[in-house]
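Some notes on the structure that comes next.
The values are calculated or read from the model by the stated rules, or taken from the named source; none is laboratory data. Keep in mind that this is a model prediction, so the values were computed, not measured. Note: ideal-geometry Cβ built from the backbone for every residue, glycine included; neighbour counts use all protein chains shown. For the accessible areas, the whole protein counts, side chains as well, though only heavy atoms, and no ligand, DNA or RNA atoms are used. Shrake-Rupley method; radii C 1.70, N 1.55, O 1.52, S 1.80 Å.
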Amino acid sequence: MIDTGAHHAAMLLLMGLVTLLAVPMRAVFARVSMPSMIGFILLGVALSIGSTTTGFANDTLNEQVPFLAKIGIVVLLFRIGLESDLGKLRRQIGRAALIWLPNMVLGGTAAFALVVLWPGLGLIPALFTGIAASATSIGVSAGIWEGAGALDSDTGALLLDAAELDDVSAVVLLSVLFAVGPLLKQPEGAAILAPALKAGAIQLMLTALFSVACYLFSRWLEKPLSDGFAKLSPTDGPIVLATGAAFVIASMAEFMGLSMAIGALFAGLAFSRDPAERSIDEAFGTLLTVFGPFFFVAIGLSVDISVPVEGMGLAAALAGMALIGKLLGAGLPAAAMCGWRQGALIGFSMVPRAEIFLLVMLFGLTLGPWAVPQVLYNAAVLASIVTCIIGPAIVGMMLRPVAGNAT
């Protein structure tokens, strides 16, 4: 018999309310050129405060929202992979790599240095923060470029190519962190270097094997399967195949000891060659509208407002390092290739930290305060919001005078 108790009713109520809020919240934030993730994070904070105060739906928030958030992560990263243009990336991978490598290294190093020197934090929280900060949330800035008619320009294409490499490397680093992270919780002075290096090497090998398997699927199986599903159902077949494959591949990555994030991203890359990619992308856009907000709601739920405001200074410093790291790491190499204005545009476009950054910090928080203390997590969420406001705002001002022209 199907359980229809109050617990499930609360879950359905939450799903309905968040889903109903998704479209108007996105519209409101789009009008002020801000990402809607800010609203959903604040909604998660508000729900946490309300649940703690009243006791209503506390179990639902603690147990069900994380599951819905994982669905949101799979959909989000699958769509990032799906929208990647591997053909264009191959044609100018050399130029993109010259931006990607220093962008990743300096972006992560700046945050690592800040946290390792910050009183009361230390090496392991710095490692988590550095890996998190190596990522870029280009989707936050891409909408500004697209609205200005500059995304299809040479500079816009270079930005997207560098960001694609950044996404892949960040998710691979996240996968390695999944394996190495628990080993770091050892008594002080314990010999953890060799086991950590071994675990990291095994994880990289598994990632390489997994990527080869996804390539073989994309090269030999995806098209015949898609055609077969299309014959059975011309309208829905390819979309249903992509949806099912996304969750199957993500779960296989999780079973292998990789993260579902890397599985979802590689699944999206596998389907990016499909001629039906546009219709699949539209369908996943709808799924993202429904499930994507729960990831950011979960981020907000994990913020502990009882932690002292000492995190405000750390948040400001993290946001500053995020800005400096990407301006130096991405902006300077881009300026050397394209000129100072284009370099500044690419640098500021790389500033926002959202999905992968928050995912890594949330993973560290779930391991315990030895990995990511609550004060650091709170500061990271605030820094994420700041970067997602500052970066797009500056990019919008720089693109506005040349909207509609090639950049």
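Odds and ends about this structure:
- Placing unit charges on the Cβ atoms of the charged side chains and taking the dipole of the stretch 113-261 about its Cα centre, the candidate lying farthest along the positive direction among PHE255, VAL168, LEU232 is PHE255.
- Relative to its residue count, the stretch 299-407 spans a Cα convex hull of 109 Å³ per residue.
- Computed about its Cα centre, the charge dipole of the stretch 138-204 is approximately 600 debye, with only Lys, Arg, Asp and Glu carrying charge at their Cβ.
- Modelled this way, with points 7 Å down the Cα-to-C-beta line, the labels at ALA316 and MET252 are 5.0 nm from one another.
- Evaluated at q = 0.23, 0.26 Å⁻¹, the base-10 log of the normalised Debye intensity for the stretch 314-366, with identical point scatterers placed on the Cα atoms, takes the values -0.82, -0.92.
- One Cα centroid belongs to the stretch 139-166, the other to the stretch 18-76; the line between them spans 27 Å.
- Where labels lie 7 Å past Cα in the beta-carbon direction, separation of ARG219 and ALA113 in nm: 4.2 nm
- The stretch 97-164: relative contact order as a whole-number percent, Cα under 8 Å and 6+ apart: 31 percent
- Relative contact order (%) - criterion: Cα under 8 Å, at least six apart; region: the stretch 1-137: 15 percent
- Put simply, when 154-162, 271-279, 240-248 are sorted by average Cβ atoms within 10 angstrom per residue, most first, you get 154-162, 240-248, 271-279.
- In this Cβ point-charge picture (+1 for Lys and Arg, -1 for Asp and Glu), the stretch 65-181 has a dipole of about 260 debye about its Cα centre.
- Relative contact order [Cα under 8 Å, 6+ residues apart], the chain, whole percent: 30 percent
- Here the Debye sum runs over all C-alpha atoms of the stretch 122-254 as equal scatterers in vacuum, and log10 of I(q)/I(0) at q = 0.16, 0.20 Å⁻¹ comes out as -1.04, -1.17.
- Once the 1.4 Å probe is applied to the protein heavy atoms, the stretch 280-370 comes out at 34 Å² accessible per residue.
- Carbon-plus-sulfur accessible fraction, the chain (probe radius 1.4 Å, protein heavy atoms only): 70%.
- The alpha-carbon of LYS223 sits under 21 angstrom from the alpha-carbons of these lysines, leaving out residues fewer than 8 places away in its chain: LYS88, LYS231.
- Across the alpha-carbon set of the stretch 201-352, the Rg to Rh ratio works out to 1.09, Rh being the Kirkwood radius.
- Computed extension gain for ASP152 through VAL23, at 0.36 nm per residue and net of the alpha carbon distance, reaches 43.8 nm.
- Taken as entire DSSP H runs, the helices of the chain that both span 20 Å or more between Cα atoms along their own long axis and average 0.5 or more on the Kyte-Doolittle scale are 6-31, 37-54, 58-82, 93-117, 154-180, 193-216, 237-255, 277-301, 311-326, 374-399.
- Shown here for the stretch 154-252: trypsin sites (Lys or Arg not before Pro) in loop regions (DSSP other than H, G, I, E, B) with at most 14 other Cβ atoms within 10 Å, namely LYS185.
- FRET efficiency estimate (nearest 0.05) - Cβ-Cβ, ALA9 to GLN92, R0 41 angstrom: 0.15
- Full-stretch length increase - THR286, MET397 - with 0.36 nm per residue and alpha-carbon distance subtracted: 37.0 nm
- Cβ-Cβ FRET estimate between ALA30 and SER279, R0 fixed at 25 Å, reported to 0.05: 0.60
- Where labels lie 7 Å past Cα in the beta-carbon direction, separation of ASN58 and ALA46 in nm: 2.2 nm
- In the chain, a dipole from Cβ-located charges (positive for Lys and Arg, negative for Asp and Glu) runs towards its positive end, and of SER349, ALA335, LEU82 it is ALA335 whose Cα lies farthest in that direction.
- Rg/Rh ratio calculated on Cα atoms of the stretch 73-113 (Kirkwood radius): 1.12
- Cβ-placed point charges (K, R +1; D, E -1), dipole of the chain about Cα centre in debye, nearest 20: 660 debye
- Rg/Rg_globular for the chain, with Rg_globular taken as 2.2 N^0.38 Å and Rg from C-alpha atoms: 0.97
- Span from the the stretch 313-346 Cα centroid across to the the stretch 272-295 one, whole angstrom: 30 Å
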